[in-house]
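Could you have a look at this structure, given as structure tokens, before my questions?
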Amino acid sequence: MSKSKDRINVVYSTNPNFVYEQEQNEEPETLPNPSQELKIWLERYKGDKKASVIKGFIGKSEDAEQLAKSLKSLCGCGGNVKDGDIIIQGDHRDKILQHLISKGYRAKKAGG
């Protein structure tokens, strides 16, 4: 049985044969690399910690995870994918930018 949060348009039904409509959480298809416009931000956290954040990736979460894995191995650091953003620990914007451009992505630095 599915979670009640996924049900739409019905709060309760007395019909024993009633089938609830479920909310569809479909991921968009991954765009080809030249169609992706990625922006690389530097975010600062407390304790003088920094992270390079890649925003604008359109596609499936598995593809974002795979891109994050290749970037983490390139930079030799940790990171994750959260809410569609790829977060890489540390200030590695130059390495990331060169790697993304070599893979065919349209990428640029953003922010101040």
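Can you figure out the FRET efficiency of Lys103 with Asp48, using R₀ = 25 Å and their beta-carbon distance, to the nearest 0.05?
Efficiency, rounded to the nearest 0.05: 0.25.
Let me ask you something else. For the chain, I need the span (max minus min coordinate) of the C-alpha atoms along each principal axis, in Å, sorted largest to smallest.
Taking the Cα atoms of the chain, the three principal extents are 60, 36, 25 Å.
Sticking with this structure for a sec: If you plug each phi of region 44-60 into the Karplus form 6.51 cos²θ - 1.76 cosθ + 1.60 with θ = phi - 60°, what whole-Hz ³J(HN,Hα) values come out, in order, with x for Gly and Pro?
Computed from phi, the couplings for region 44-60 are 10, 10, 5, x, 6, 8, 10, 9, 8, 10, 9, 10, x, 6, 10, x, 6 Hz.
Taking the Cα centre of region 28-109 as origin, sum charge times position over the Cβ atoms of Lys and Arg (+1) and Asp and Glu (-1), and report the length of that vector in debye to the nearest 20.
340
Calculate the FRET efficiency for Ser13 and Ile58 from the Cβ-Cβ distance with a Förster distance of 41 Å, rounded to the nearest 0.05.
0.65
For the pair Leu31 and Asn80, how long in nm is the line joining their label points, each one 7 Å along Cα→Cβ?
2.7
Label points 7 Å out from Cα along the Cβ direction at Lys39 and Lys69: separation in nm?
Calculated label separation equals 2.9 nm.
Coordinate-derived values only; no laboratory data. Here the structure is a predicted model, which means the values were calculated and not measured. Quick reminder, even Gly has a Cβ in these numbers, built from the backbone with ideal geometry, and neighbours come from all protein chains shown.
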